[in-house]
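Data first, discussion second: the structure below is written as structure tokens.
The values are calculated or read from the model by the stated rules, or taken from the named source; none is laboratory data. All values derive from a computational prediction rather than experimental measurement. So basically every Cβ, Gly included, is an ideal-geometry build from the backbone, and we count neighbours across all protein chains shown. The area values use the complete protein model at the heavy-atom level, side chains included, leaving out ligands, DNA and RNA. Shrake-Rupley method; radii C 1.70, N 1.55, O 1.52, S 1.80 Å.
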Amino acid sequence: SCDGTQLCNCSSMGLDFIPSGLTGKITVLNLAYNRIKHIRSQDLQQAVNLRALLLQANVISSIDRDSFRSLGKLELLDLSNNSLAHLSPAWFGHLFSLQHLHLQGNSYRDLGESSPFSSLRNLSSLHLGNPQFSTIRQGNFEGVELLDELWIDGGNLSQYEPGSLKSVTKIHHMIITIRSLNIFSAIVRDLLHSVAWLEVRKIAFSIPAEMQLLRVMSSSFAEKVSLKQTLLTDATVPEMVSILEDMPKLVEVEMIDCRLVGTGRWEIHIKANQSRTLRVLTIEKLSIEQFYLFTDLQAVQGLLSLLTKITVENTKVFLVPCSLSQRLVSLEYLDLSANLLGDQSLEHSACRGGWPSLQTLNLSQNSLSDLEMTVKSLSHLRNLILLDISQNNFGEIPDVCEWPKTLKYLNLSSTQIGKLTTCIPPTLEVLDVSANRLKEFGLQLPFLKELYLAKNQLKALPGAASIPDLVAMSIRRNKVNSFSREEFESFKKMELLDARDNNFICSCEFLSFIQHQARIAQVLVGWPDKYVCDSPLAVRGAQLGAVHLSLMECHRFLVVSLICVLVFLVILILVAVGYKYHAVWYLRMTWAWLRAKRKPKRAPLKDICYDAFVSYSENDSDWVENIMVRELEQACPPFRLCLHKRDFVPGKWIVDNIIDSIEKSHKTLFVLSEHFVQSEWCKYELDFSHFRLFDENNDAAILVLLEPIQSKAIPKRFCKLRKIMNTKTYLEWP
């Protein structure tokens, strides 16, 4: 399981223990998703150069004291999602190079009486906690001073000794899942000057009286606060806003997948001093059950004037009050994607005087349907550079539009556009009209540098004269089948052309002139669609000088014809060989044998109906019916014989009749003659007896030679029958 770089992937192999034979050459060992229960001291003794050891998602419950003693170069150790009931400092005592330690998802309730991490001086990220984790004591983090990331899963954390985290002097990103506001407040108090980014998950800010416990946050030096899967109410939002506004170094606030109970009618007026540092507000997937009753946010409008970047995504926003837009005087970036903005509401939201400094606007995945009205609503944004209105439903677009004169980047992908008009602004440098219904592109865009036309219905390249400065173009998944040397060479500044997944006719002539365009650094063609040509063209960044077409690419018709002829000849040879060596016979008899094998080896006595089944050729029927049958059936006592003419069931498959008749008879009587050997149906009867009777080593078969016949006249495939004729008694007539 080890590749050339000595990365050994043994994950999901059902291992119950660490495999033996590990050597010093291994640098990465992945043993995740197995059934390992115990790590022994000798298991990793030879893996002295190991850099990463992945043991997550096993059932490890015990680790020998010196199991990791030889792993002095280990940088990543993942023991998450196991069954460790305690953590021992001895495990980590020799891991001097360890940077990343993942211990979450086990069953320990605390970290012990002392610090398990005291010797990990290079530790950068530490993941702790599980649903049973309940206690953090003073001294548990002794020796850990600087962390890039500390993740504590403390959903049921009930005891925290003040000062436990004070030894950690700097944490870039602190993630904590917690439910108790008391514990959270104590942790924040210890980390006031240590944490740069504080992320809180699954906590409920629902009781106004408890919000005073969070007042300590207002003294935190955190630059970013993230709330994920948290609960807020109209009663607690004012205090939370006040705390965040008072934080002296806060730059960014983030709310993701949170829930707000209320309609924005705060029970008490927000009394907060406007933050002089807060610049970024991100809200994603905020759930407001009665969002259609939400207020115009007048209570917070005065706190937003210094924000430069706002994202409110997938939150069912259907209107931004004009008064609020006019207060956002410093806003440069606004993302309102995946909401419910329509043409009328956008006109109100982007009112005159609103968003005066806006440079980037994302309105993708909304309910816009009138491009002319959308453009008119945004025309007064004098600083707008980038506009994303993709994944709306415009359909038809007008001939003339009044865009902001500063617009350089426009995304109109997935908007159901069937034809482009002069509505598209000529100032653009980047235009994305992918995933529409375009059949041609003939716009005059003299400053355009990047053009994205993927997933349309184009049959030819755009004309280079109308886009002379084009540097990069994507025409993936169109219907282009070729383009001429002149068309290609007319793009004087082209550096990247992505033309994969088209209908190119891959010919030597077509590739030859592309091959010599040394000024084009990257070309992605990737033809034909069903396979990749034997050339670097199918890979990004390929140099064209080394391109060589294969025989298949240059002479496809000839190669396909030769393959068809060869396949026909092979089939013909197989048919001839099969006929010569009785392949059809073997297949038919294998089927009969398999069906017979499913039945009991001997029929019960109550199912035996005949004394003997008579197998004979139709050419010998006169002797069989007039002499042998009459003699036996009129004997005293008489024998009951089974004859195919008289006793086979009409309408039943002949092979089934043969099998059933033999099984319902005590004996099988074969009347052998030259005619018998040549008879197809006699062969079936003899074949089945070969499988069914002779393989059971019984004496159910009786052979009667009606005329002299040599054993070699019997087909060689019936080797046991030939042996019986040579070694056992048979009857002769007369």
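Of note:
Residues checked against (1) surrounded by fewer than 20 Cβ atoms within 10 Å (Cβ to Cβ); (2) of a type in the set (Ser, Thr, Tyr); (3) more than 23 Å from Leu286 (Cβ to Cβ):
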residue: Leu181; (1), (2), (3): yes, no, no
residue: Leu192; (1), (2), (3): yes, no, yes
residue: Ala222; (1), (2), (3): no, no, no
residue: Pro238; (1), (2), (3): no, no, no
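- Here is the figure for segment 368-391: residues that are within 30 Å of the chain's Cα centre (by Cα), open to solvent by 10 Å² or more (accessible area, probe 1.4 Å) and of a type in the set (Gly, Ala, Ser) total 0.
- For the residues Ser12, Ser67, Ser41, the requirement of being in a loop (DSSP other than H, G, I, E, B), hydroxyl-bearing (Ser, Thr, Tyr) and crowded, with 19+ Cβ neighbours inside 10 Å singles out Ser67.
- Search result, residues across segment 4-54 that are modelled with pLDDT under 95 and of a type in the set (Phe, Trp, Tyr): Phe17
- Yes/no for Arg121 being basic (Lys, Arg) and under 29 Å from the mean Cα position of the chain (by Cα): no
- Elements of type strands (runs of 3 or more DSSP E) contained in segment 417-482, each with 3 or more residues being farther than 19 Å from Thr374 by Cβ: 450-452, 472-474
- Segment 566-578 residues that are under 20 Å from Arg588 (Cβ atoms) and modelled with pLDDT under 95, paired with ones that are hydrophobic (A, V, I, L, M, F, W, C) and part of a helix (DSSP H, G or I) (beta carbon under 7 Å, 6 or more apart): Gly578/Val584
- Boolean, Leu331 is farther than 21 Å from Glu429 by Cβ, free of Cβ contacts under 8 Å to residues at least 40 places away in the same chain and of a type in the set (A, V, I, L, M, F, W, C): yes
- Residue that is nearest to Ala204 (Cα to Cα) [pool: residues in segment 131-162 that are touching an Asp or Glu at 6+ places or on another chain (Cβ under 6 Å) and part of a loop (DSSP other than H, G, I, E, B)]: Arg137
- Residue among Ser20, Ser83 that alone is open to solvent by 70 Å² or more (accessible area, probe 1.4 Å), assigned to a loop (DSSP other than H, G, I, E, B) and either hydroxyl-bearing (Ser, Thr, Tyr) or within 29 Å of Asp153 (Cα to Cα) (or both): Ser20
- Residue pairs meeting the criteria (Cβ under 7 Å; at least 6 apart or on separate chains; first of a type outside the set (A, V, I, L, M, F, W, C), in segment 13-25; second modelled with pLDDT of 95 or more and open to solvent by less than 70 Å² (accessible area, probe 1.4 Å)): Gly14/Asn34; Asp16/Ile36
- Test: residue in segment 537-554 that is at pLDDT 65 or above, assigned to a helix (DSSP H, G or I), open to solvent by 80 Å² or more (accessible area, probe 1.4 Å) and not hydroxyl-bearing (Ser, Thr, Tyr): no
- Summed over segment 358-377, the residues that are closer than 18 Å to Val329 by Cα and outside any strand (DSSP E or B) give a count of 3.
- Each residue in segment 98-111 was checked for being open to solvent by less than 20 Å² (accessible area, probe 1.4 Å) and within 24 Å of Ser180 (Cβ to Cβ), and 4 pass.
- Of all residues in segment 702-728, those being at pLDDT 80 or above and either charged (D, E, K, R) or within 21 Å of Leu641 (Cβ to Cβ) (or both) number 6.
- Flag for Leu250 being in a loop (DSSP other than H, G, I, E, B), of a type in the set (A, V, I, L, M), open to solvent by less than 20 Å² (accessible area, probe 1.4 Å) and within 24 Å of Arg327 (Cβ to Cβ): yes
- Scan of segment 196-216 for residues that are open to solvent by 10 Å² or more (accessible area, probe 1.4 Å), in contact with a Phe, Trp or Tyr (Cβ under 9 Å, 6 or more places away or on another chain) and modelled with pLDDT of 95 or more, ordered by number: Ala196
- Test: residue in segment 336-351 that is more than 20 Å from Leu451 (Cβ to Cβ), open to solvent by 30 Å² or more (accessible area, probe 1.4 Å), among the charged types (D, E, K, R) and not in a loop (DSSP other than H, G, I, E, B): yes
- Residue check for Arg35: open to solvent by 70 Å² or more (accessible area, probe 1.4 Å), part of a loop (DSSP other than H, G, I, E, B) and farther than 27 Å from Leu147 by Cβ: yes
- Here the condition is being closer than 24 Å to Arg259 by Cβ, of a type outside the set (Ser, Thr, Tyr), modelled with pLDDT of 90 or more and open to solvent by less than 30 Å² (accessible area, probe 1.4 Å); of Leu328, Leu307, it holds for Leu307 alone.
- Conditions (1) within 21 Å of Pro89 (Cα to Cα); (2) open to solvent by less than 10 Å² (accessible area, probe 1.4 Å): number failed by Met174: (1)
- Subset tally (residues that are closer than 15 Å to Ser83 by Cα, in a loop (DSSP other than H, G, I, E, B) and among the aliphatic types (A, V, I, L, M)) for segment 44-64: 4
- Every test in (1) touching a strand residue (DSSP E or B) at 6+ places or on another chain (Cβ under 6 Å); (2) over 17 Å from Arg476 (Cβ atoms); (3) surrounded by fewer than 20 Cβ atoms within 10 Å (Cβ to Cβ) is passed by Leu410 save one, and that test is (3).
- Scanning segment 119-130 for residues that are part of a loop (DSSP other than H, G, I, E, B), open to solvent by 10 Å² or more (accessible area, probe 1.4 Å) and more than 15 Å from Thr169 (Cα to Cα) yields a single hit, Ser119.
- Meets criteria (part of a loop (DSSP other than H, G, I, E, B) and closer than 12 Å to Asp153 by Cα) for Pro116: no
- The residues of segment 186-230 that are assigned to a loop (DSSP other than H, G, I, E, B) and in contact with a strand residue (DSSP E or B) (Cβ under 6 Å, 6 or more places away or on another chain), listed by number, are Ser194, Lys202, Ile203, Ser206, Ala222, Glu223, Gln229.
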